[in-house]
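One structure below.
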Amino acid sequence: MRTIKIAPSMLAADFANLEHDIQMVNQSEADWFHMDIMDGVFVPNISFGMPVLKAMAQHTKKPLDVHLMIVDPDRYIDTFASLGASVLTVHAEACTHLHRTVQGIKDAGMKAGVALNPHTPIHMLEDIIGDIDLVCIMSVNPGFGGQKFIQNTYDKVRKLRTLINDKNATTLIEIDGGVNAANASKLVEAGADVLVAGSFVFSAENPTDTIKNLREVANA
């Protein structure tokens, strides 16, 4: 039986009390920290960059799952490796030579992730799925937290799970956007391995309990 990972998205944290929220995640039943890096070019928003990630990494006690929503991510692979990223995810839509980028991430000592926007079909990964450690399916349009979950995601997860199984790959499936207790079990049933939750966790009255409950629902 798969154990589903929970990765709170720090984009939804209170940036005025960032260390407090980091410690909350450290002490919770979460598995990873999900870090969204946005450049205002690939997506219509700017989040935080290397100095903030470096400062956060000094306090995090769980793996850093870094999601690059930027153009030309190859330029920064070594930088994010030096900042302590465990998983580095790039967008397929931002990489002209995706295989080269994936190999570069692995050569830098990180697990390689590839993210797909809602409009990008799964078959784009057929020739490379065996080289990818994680596929991040965007279940909202990237750039902003708190968006409504796109229902087509379930079908997309099932297609990806079929591709992974057909290729005998060990790739993890991560879902990013609009994840909550209401859709978690259905996502896991479709084939998801990692659930990213931002607003659902950090807007809750008790984020620690919310993470615990989401984990219990996902692993039921």
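The values are calculated or read from the model by the stated rules, or taken from the named source; none is laboratory data. Only a predicted model underlies this, so the values are computations on that prediction, with no experimental measurement involved. For neighbour counting, all protein chains shown are included, and Cβ atoms are generated from backbone atoms with ideal geometry for every residue, glycine included.
Tabulated values for the structure
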quantity: Any chance Ile105 is surrounded by 16 or more Cβ atoms within 10 Å (Cβ to Cβ), of a type in the set (A, V, I, L, M, F, W, C) and without any contact (Cβ under 8 Å) to a residue 40 or more places away in the chain; calculated: yes
quantity: Residues (surrounded by fewer than 24 Cβ atoms within 10 Å (Cβ to Cβ), at pLDDT 95 or above and more than 22 Å from Lys106 (Cβ to Cβ)) located in segment 166-186; calculated: Asp166, Asn180, Ala181, Ala182, Asn183, Ser185, Lys186
quantity: Val114 vs. criteria buried (at least 17 other Cβ atoms within 10 Å of the Cβ) and part of a strand (DSSP E or B); calculated: yes
quantity: Lone unmet requirement of (1) among the small types (Gly, Ala, Ser); (2) at pLDDT below 95; (3) within 13 Å of Arg2 (Cβ to Cβ) for Ala190; calculated: (2)
quantity: Identity of the residue in segment 44-68, touching a Gly at 6+ places or on another chain (Cβ under 7 Å) and surrounded by 15 or more Cβ atoms within 10 Å (Cβ to Cβ), that ends up modelled with the lowest pLDDT; calculated: Asn45
quantity: Checking Ala204 against (1) out of contact with any Ser or Thr (no Cβ under 7 Å at 6 or more places or on another chain); (2) surrounded by 15 or more Cβ atoms within 10 Å (Cβ to Cβ); (3) without any contact (Cβ under 8 Å) to a residue 12 or more places away in the chain, the condition it does not meet; calculated: (1)
